[in-house]
1. Does any residue of region A:391-406 turn out to be on the phi < 0 side of the Ramachandran plot, at the interface with another protein chain (Cβ under 7 Å from one of its Cβ atoms), in contact (Cβ under 8 Å) with a residue 60 or more places away in the chain and acidic (Asp, Glu)?
2. Which residue pairs have Cβ atoms closer than 8 Å, lie 6 or more positions apart in sequence or on different chains, and pair a first residue in region B:715-741 that is free of Cβ contacts under 8 Å to residues at least 40 places away in the same chain with a second residue that is β-branched (Val, Ile, Thr) and open to solvent by less than 10 Å² (accessible area, probe 1.4 Å)?
3. Among the listed residues B:Ser183, B:Ser235, which satisfies the condition of being at pLDDT below 95, open to solvent by less than 60 Å² (accessible area, probe 1.4 Å) and either assigned by TED's automatic domain parsing to the domain that holds B:Glu282 or among the small types (Gly, Ala, Ser) (or both)?
4. Exactly one condition in (1) farther than 30 Å from B:Asp276 by Cβ; (2) over 25 Å from the mean Cα position of the chain (by Cα); (3) surrounded by fewer than 19 Cβ atoms within 10 Å (Cβ to Cβ) is false for B:Thr461; which is it?
5. So, B:Glu112, is that one of a type in the set (D, E, K, R) and surrounded by fewer than 18 Cβ atoms within 10 Å (Cβ to Cβ) or not?
6. Quick one: which strands (runs of 3 or more DSSP E) sit completely within region B:513-613 and have at least 3 residues that are modelled with pLDDT under 95 and surrounded by fewer than 22 Cβ atoms within 10 Å (Cβ to Cβ)?
7. Hey, could you check region A:289-298 for residues that are of a type outside the set (A, V, I, L, M, F, W, C) and under 22 Å from A:Val247 (Cβ atoms) and say which is nearest to the chain's Cα centre (by Cα)?
8. Looking at this structure, is B:Phe638 of a type outside the set (A, V, I, L, M) and either within 15 Å of B:Phe745 (Cβ to Cβ) or part of a loop (DSSP other than H, G, I, E, B) (or both)?
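The values are calculated or read from the model by the stated rules, or taken from the named source; none is laboratory data. What you are looking at is a predicted structure, and each value in this text was computed from that prediction instead of being measured. Cβ atoms come from the backbone with ideal geometry, glycine included; neighbour counts cover every protein chain shown. All accessible areas refer to the heavy atoms of the entire protein, side chains included, with ligands and DNA or RNA removed. Shrake-Rupley method; radii C 1.70, N 1.55, O 1.52, S 1.80 Å.
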Amino acid sequence: MNADAKPILVIGGGIAGITAAVEAAEVGYRVVLVEKEAYLGGRVMRMYRYFPKMCPPTCGFEINARRIRQNPRIVVHTQSTVEELSGTAGDFKVRIRKRPRYVTGKCSVDDSVLERLTSTRVNDFNQGMDETKALYYPHDMAYPPIHVLDREALSEADEELLKEICPPEALDLEMEEEELKIGVGAVIVATGWQPYDATKLEHLKFGKCPNVLTNVMMERLAARGGPTRGEITRPSDGKSAENVAFVQCAGSRDENHLPYCSAVCCMASMKQARYLREKNENAKATIFYIDIRAVGRLEKFYFDLLEDSNISFVKGKVAEINEHPETRDLILDVEDTLSGEKLNQTFDLVVLATGIVPNSAETKLPIELKYDDYGFIDGTTSIDGVYAAGCATRPCDVSRTTKDSTAAALKAIQCLNRGE
Amino acid sequence: MIRMEDKIGVFICTGYGIAEALDVDALCKVATEEYSVPFCTTVDSCEGPGLDSINEAIEAQSLNKVVIAGISPRRYVDHQFPTAVIVEKIALREHVVWCQPAGEEDTQMLAEDYLRMYITKIQKMGFLEPFQPEEDIDTSILVVGGGVAGITAALEAAAAGYEVKLVEKTAELGGWLAKQHKSVPTRPPYRELEDTGVDELIARVQADPRIQVYTSATTGAIEGAPGLFDVTLKSAGNGKPVDEAIDKFRVGAIIQATGWTPKDPREDLEYGKLDDVIRNVELEALVKDKGRIVRPSDGKEVKSIAFIQCGGSAAKEHHSYCSSICCLTSLKQALYLRESDDDAKAYIFYEFIRTPGQYEDFYRRVQEDPGVFLTRGEVVDVTRNEDGGLTVTVRNTMPGEHIQVNVDLVVLAAGMVPNSADGEAIRALEDAKLKATDGKSGAQQKEAAEKVEQLARHEGTEILNLAYRQGPDLPTLEYDFPDSHFICFPYESRRTGIYPTGAVRQPMDGLAAREDAGGAALQAIQCIEMTSRGEAVHPRSGDKSYPDFFLQRCTQCKRCTEECPFGVLDEDAKGTPLLRATRCRRCGVCMGACPERIVSFKDYSVDMVASMLKAVNVPDEWDEKPRIAAFLCENDAFPALDLAGQHRIQFSPFVRVIPVRCLGSFNLVWVTEAISAGYDGVILIGCKYGDDYQCHFVKGSELAASRQTNVREKLEQMSMENERVELHQLQISEYERIPEIFNNFAELIEEIGMNPFKGM
C-alpha cells in the first residue's frame, strides 16, 4: 500500500468507471473520476431493470453513491472531458475541461422555480421521448444531487425570471468553463458505449414509423421515471401495447452495420418481454432471432420464458417492416428459417434490439491508443499505465463490466506501486 | 482512548420551506428545554455557506455530537464534517415538509418527534474505535488452484506488491490451459488461433520472488479470519502419503480458483460405448499429444468429425446452464481438423451458436471455411456403420428435414462442472448424520436419515476445509457455482476475504477467467487493506463499528451463529459464539437474532433503537392520533422514502420512521417496546427475498420474515391483533408504494382501534 501515490484518473462515470474508482479508492488510493454528463451512472441509470434478477440498477447505484459520498479519496468531476493526456506510466499530465453547470450546489433549487419556467429542452435521459425545463434535475437518483441549467435552451425571459426568483447563491449565470490540470499515475479508460443509430437500418423504418422503437427507448418506457410513467404504450396513439415484436440483431452480426455480436441484446429483449408480460397479462411478445445467446447461468432466464405461452420465439431475420397507413400497426416480413415459411405478421409495437457501439469509435481520447476495426480499445491498451475496461473494450453486460473494471483498478494500482 | 465528554449541538435549518411549514422556535425548544442540549441554533441552509457556518459552530463550541435537521443524509458528503464528530442528519425536508401539509399540528408533531428520536439516538451513540486484532494483519494471499485463473490471480497480486502462496493439487501448474493445443482468438482481427501462452505464464510464476508455489498440495485446514487465516497444506497424494502436512502459514485473504471438470455427456450418444465418440477435452488432448487427429478405435487418420453441441449442457429437458465455451471450442477444433487436411470435413450440429462480442469474427471466419458445415439440428442417434465409421442422425435441421452423415469421429461438446463444494450443505449433512443417531425421537431420527440421503452427494466433497461453524466451504448458488448473486457486485462473497474466481464461479472462457482473476486479486488486496484499517468491506464499506457480545448473559441458543449470513461466528464446545471480527460485515443480523439482546454496536444497538421509539410523544387514546413505528432498510426502503418526498407524495403523519442497517437486524423486543410505549402498530420494510433476492446482506430480510412467527406469538401474549405488525418487501425504485403502505396501515389501525396499552 503506497499511500503517497499519485491519483488514478478514471475516464467515464458509468458502471465501469464507478466500479474501478470505488474499488481502487477502497484499497486506499486516490481517484479522480471524470464524467462527461452532469450525473454519474451512465447508461445503466437509464435501464428499468437488470437481467436476470429483474432488479433495479438504482439499488446497486445507491450503494455505490454512498461509497463515493463517504470516501474522501474520490474526487468527481461531472460535465467534464479529458482534453489532453501525456506522459508515461506513473507520471501522466492531464488537462480536464469542465463545462459550466450554472447551478452552484451551494443552495438547493426549489421545484417551484422550475414550474414557473417556460423554456424547455429535449430530455436525453429519456432518450428524447419527452422534455424537461431548461433548468432541470437530471433524474430521481442524480449524483451529484444538483440541478443543471441548459443555458442554450434558456429563454431571455426565463433568465430574467431566474435572476428574480432564485436565491443568488444557487445560480451563477456567468459561470465559466473551467480548466483543470492535474498529475496522475495511471489511467483507466471506461468511456462506455452508445446504441447503434437505428435510422441506418432503413428497412426497419426507425424514425419513419412512430411505433418502431429501440431497446434503449423501451427501457425508459417501462421505467416509472420515463415519458409514460412506466406504461408500455404506442407513441402514435398512446394505446397500451398488446402485441410486440422484438427484432434481434438490429445492426449487430451484420457486415453492413456492426459485424460483431453486441452480446447483451438477446438477454435485453427477453427481459423486456418480461416487462411487457408483468405490466399487461394479456400482452403477447414475439422475438425474432438468429441465435438466442443466453450464455452461462443466464440460460435459465430463456428456459423460464419458454414456459410462457404468450411469448414466442421465431428463428429468422426480419427482412422488412411496413406500416399500416391507418392503424399505424407494423407488418413484419420474416422468413422462419426452421419451417422455411415466409411470415407476414402484424404487431402494434416493434422494438429493435440495437447493439452496442463503443463511444471510442467516434470520440478518440487525446492519446495514441490502438483500436480494433470497430473502435473498441484493443485489449488492456497499447500504452503502459493506461488500462481500458467495460464496453470500451468489448460489448459486455454489467456483470462482466464490473469484473473487468475491478481488474483494471488492480492494473492501475500495480502501476502506482512499481519501484516501491 | 480517553472518553470524551459528550457535547451535543443541534442545528435546525430554516430553508427549503421548513420555516414556512413548521414552528422552528418550538423545534428549538424541544432541543433546549426537553433535552437541555448545550447548543442549539437555526441555520438558513445546510449546504454551501450554511454548512460552513455549521462547521464553524462545531469548532467554536467544541461540539462532538451534532444533529442537523434539514435535508436528507443522502445529500451530504461525509468528509464535509470534522472526522472526530458524530453527525446525524434528519431529513426534515424530504420526510416531513415535502410529504406533509404545511402548518398543520400533525406535521409539527412529526418534526418534533424526529428531533427527539435523533437527539436520543446520538446520546446513545458511542465514538468508534476501529477493530484491531492483537496480532498483526497478514498481507499475503493464498491462491487455491493453479490453472489460468489461479496463475493470473497470483501474478496480478504479486505485481501489486503482495506475497502469494499458490497451491495446486496436481503435480503441474497450468490446469486446462496447459492441456490445450491452441486458444481462440483474443486480439484483433479475432480470426486466427493463438498460442495458449501457458509456458510463459508458468515461467513468470516461477520467476516471481513474491510467489511461492506448492504443487501436489491441497488445503488441509484453514482457520481464522481475514488478515489472520492459518492455513495447513496437505499432500494431495501424487506419490506422497495423502494427508501429510506439508506446510503451515498465515495469510490475509484467499482466492479460490479451483476450476472445473468436464461434464458427463448425454447418455444416449454412445459415449463410453463407442471408442470413436469422444469429448472435446479428449480431442484437445489428442491434438496436443499426437499433433494429429487419429481414430481411437483403429488409429486411422480422421478425415471427418461431427461436433455435437450442448453435449449435455444446455439440453432443455435438463434445465441446465450453458457452459459458454463449448461453441468456441468446437469452432476451434473444427479448424484443427481443417488445418490438418484440406479435404477434411467438420460438421457442427447446434441449437444456437454462442459467440458473443468480437468472437463473432472468429465464427464468421470458420463459416467461411468451405470444409466446415454448421447446421442447426437435434442429434438423435450415433451408430457404428458398415465402413467402420459412425453415422450421425440429425433431425429438424434448418429446412425442416432429417439428415444422416457418416464421419470418422464424433466429438461431444461437453460442458463445465465447477470444482466447488457447498459448505452449508456439508455442514447440514454432518448435523443430520448426528441427529440420525442421537435424535430425540424416532420421528426426528427418521427425518434426519432422509436428509442424510438427500445430501449424500456432498459427502467428502470438501475443498478449502474452512474451520467455520457454517461449513468447510463457500455456500453455492444454483448449479453448484459459488458465484455472487449480485449483478453490480460480482465479487460479493458470503465468506469475507475468500473470493472464488474463474470457471469455479461461473462458466467462462480463458480470457474472461484472466480478467476475473485480476478482479478477485484486487478484492483480496482490498480486504486486507480495509481489515488493516479496521474497516468493513462491501457493502458497508469503511464502517468502523463492530459487534460486541456481552457473553455473561448468553444462553447458547446458537441463533446468531446459525443465522449470520457471512459465517462470522464460530462456537466453543458449549455453543457460545466466538466472534471472528474481521469476517464481520456489520449488518447486525446477530443483533436481530439474539433473544437476550447481548449484541450491540457502539453506534447501533437494541437499546438505542428502543430509546428512539420511546422518545416519541405518544398522544392519548382520545386524541385519535395513532402512532405507527416503521423500520426501513437503509439500503433500499429508506432512500426510497426520500424519492417519495422528492415526488411530493403525501402520506399519513402518524408514522415514525427508523432506518435499520438491514431488516435482519430487527430485534423482536422492538415490537414489545413499541406496543408498551403506546404505538398502535409496527411496519417493517425490507428488500426482496427469495430466489432473486435483493438483500445486500443475502438473507437479512428473509430472516426478518421468518421471525414473524415469533412476532405473532409475542402479540398474542400481549393479547394484541396480529395485524398490528406488517412486513413488506420493496425495491428502491418502488418509492410510490411507501406512502401506500403507510396510508393503508393507518386505515387498518383506524379499523381495529387504538392500542389499549396506550398511556398505561
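1. Yes, the conditions are met somewhere in region A:391-406.
2. Listed pairs, sorted by first residue: none to list.
3. B:Ser235
4. All conditions pass for B:Thr461, except number (2).
5. no
6. none
7. A:Arg293
8. Judged against the criteria, B:Phe638 is not a match.
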